[in-house]
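Undergrad: Mind looking over this structure? Questions follow.
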Amino acid sequence: MNPPLSLRQRAVRGWNDRRQRRILYVVLAALLAVLCAFPQPYVARAKIVPQDSSNIGLNSTMTALGGQFQGFAALLGGARQPIDLYLAIGRSTEVADDVIRRLELVGPDGYASTAKARLALDRQVDVHSLTGGILEVEVRTHDPVRARALTAAFAQSISHRIVALDEDRIRRKQDVVMNRFKEASARVVAAEAALDDFRRRNRLAEPATELGSALSLRTGLEAQLQAKQVELQMLERVQGPENPQLQAVQSAIASLRAQIARTATPQTGAAGPTVAGLSGLSNEYLALYRDYRFAQALYEVYARSSEEVAVEAIAGETATDVQAIEAAHVDADRKFNIPAVALLALVALIALFTELYAPATGIDLRIGRTPHRRGNDA
């Protein structure tokens with residue numbers, strides 16, 4: 001009596017038997033064909049567009065306040081955020097945890113822990129970008145109601161997260177601007193007091209009368225130069241070297257320095273002597289007046305910036321940061337299980353190779369066969 005065959009021996013015999021191998025292919029193909037359609041998968045999706053709340057109503061406001069301060073306001077206001085930032089927000093752990101809390105996915109009727117719920121959401125949910133800065137939330141499950149609920153929850157959580165980050169940005173910006181505004185106000189008061197005290201002690205007239213047009217021109221240019229230098233320092237911290245706004249400020253600084261250099265040449269014109277020809281008393285008076293004009297320039301800049309931040313805060317409270325292009329919905333077309341489709345294609349390729357290509361090319365796929373030797377041994 002022959003001993004029973006092991007599992008490996010049975011598998012080898014079945015593989016070497018062409019008829020049994022073909023039956024196996026047919027059975028596998030039929031099983032995978034059923035799994036391709038059942039259980040039926042459903043795909044739900046939603047399309048949203050993050051809005052740039054920092055520019056809502058601010059362009060017209062800053063134009064009315066003064067067009068020359070739009071560049072500085074753009075520095076504090078910030079440009080439109082790149083789509084990669086919104087993608088990072090949509091795929092963040094904070095958004096996933098918020099969805100888990102909204103739908104109560106952890107509990108007796110859900111997952112055992114938050115970590116397992118996150119892993120399940122990573123497999124079922126995909127957040128990606130489309131042309132035009134559109135975010136698409138796509139959920140694939142075998143339950144259409146669950147797919148739609150997950151899609152709607154993700155869209156709401158992304159919106160709330162963007163709003164929260166925007167509110168935090170505005171709050172930090174308000175703190176910076178208000179602190180600088182208070183410092184600028186105190187600087188104006190101190191500079192004006194020093195100028196008045198010097199004028200009283202030396203019995204001098206108003207700066208425009210005492211120093212003439214040359215003094216006014218020189219001090220105005222130097223005040224503008226210092227204000228531009230402050231703006232340049234702030235731009236260099238947040239902007240790249242090829243930024244058009246940064247290059248424009250650098251050109252303005254070079255032009256102001258050239259004008260100041262021309263006023264430093266001692267000469268007498270129809271409007272009177274230049275600043276270089278004034279006495280030591282006038283030079284001290286000039287320094288005090290320059291500090292006063294510079295303090296005034298900074299005060300005006302931060303006053304307009306505080307108005308911009310206030311308008312932005314109001315716009316952020318009254319406007320939504322995310323616009324829904326398509327609400328959460330389930331696709332109407334029939335979907336198939338992608339892993340089963342891939343396995344079915346793999347089985348078909350293996351069957352074509354073993355049943356058609358190998359016999360046609362003379363490849364022997366039998367396992368444990370005895371190698372055929374050509375010729376006689378010497």
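Undergrad: Find all pairs meeting these conditions: Cβ atoms under 8 angstrom apart; at least six residues apart or on different chains; first residue within the range 143-169 and under 10 Å from residue 44 (Cβ atoms); second residue of a type in the set (D, E, K, R).
TA: Taking only residues 6 or more apart or on different chains, the pairs are 147/140; 151/45; 151/138.
Undergrad: Of the residues in the range 88-119, how many are part of a helix (DSSP H, G or I) and either β-branched (Val, Ile, Thr) or open to solvent by less than 40 Å² (accessible area, probe 1.4 Å) (or both)?
TA: 11
Undergrad: Would you pick out the residues in the range 116-134 that are of a type in the set (A, V, I, L, M, F, W, C) and either at pLDDT 95 or above or closer than 16 Å to residue 101 by Cα (or both)?
TA: Once the filter is applied, which keeps residues that are of a type in the set (A, V, I, L, M, F, W, C) and either at pLDDT 95 or above or closer than 16 Å to residue 101 by Cα (or both), the range 116-134 yields 117, 119, 120, 121, 125, 127.
Undergrad: Just for the range 132-182: of the residues that are in contact with a Lys or Arg (Cβ under 8 Å, 6 or more places away or on another chain) and assigned to a strand (DSSP E or B), which one is farthest from residue 306 (Cα to Cα)?
TA: 140
Undergrad: How about the range 120-137: which of its residues are open to solvent by 30 Å² or more (accessible area, probe 1.4 Å) and of a type outside the set (Gly, Ala, Ser)?
TA: 122, 123, 124, 126, 128, 130, 131, 134
Undergrad: Under the condition of being modelled with pLDDT of 65 or more, in a helix (DSSP H, G or I) and open to solvent by 50 Å² or more (accessible area, probe 1.4 Å), which residue from the range 196-225 is nearest to residue 286 (Cα to Cα)?
TA: 217
The values are calculated or read from the model by the stated rules, or taken from the named source; none is laboratory data. As the structure is a prediction and not an experimental result, all values here were calculated from the model. Here the Cβ is made from the backbone with ideal geometry for all residues, glycine too, and neighbour counts use every protein chain on show. Calculation scope for accessible area: heavy atoms of the full protein, side chains included, ligands and nucleic acids excluded. Shrake-Rupley method; radii C 1.70, N 1.55, O 1.52, S 1.80 Å.
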